[in-house]
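A short reminder: the numbers here are calculations on the coordinates, not readings from a lab. Note that the coordinates shown come from a computational prediction; the quantities given were computed from them, not determined experimentally. Cβ placement follows ideal geometry from the backbone for every residue including glycine, while neighbour counts extend to all protein chains displayed.
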Amino acid sequence: MSATTTGGVAASTASDGVIYTGFGTDSGATATAASDSANAAARLIVNFGELYGLAVVAAGIFAGFTIML
């Protein structure tokens, strides 16, 4: 087998050369007030889902240790 290299570019970059990852607003993307108010309910549902998922995982780990005892 021979090793191959490929020359690729970033998937998306801002005009100042910062790579946009999609996380947060520090990478050149700015949030607008309209999108903040329109997506408030969606963010609330997503945050609740994250907390619920974390609680399910924590309860599963606790139950697993309880069964092992």
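Full extension of the segment from A59 to A40, taken as 0.36 nm per residue of separation minus the current Cα-Cα distance, would add 4.0 nm. Here the simple spin-label model places points 7 Å from the Cα toward Cβ, and for L51 and M68 these points are separated by 2.9 nm.
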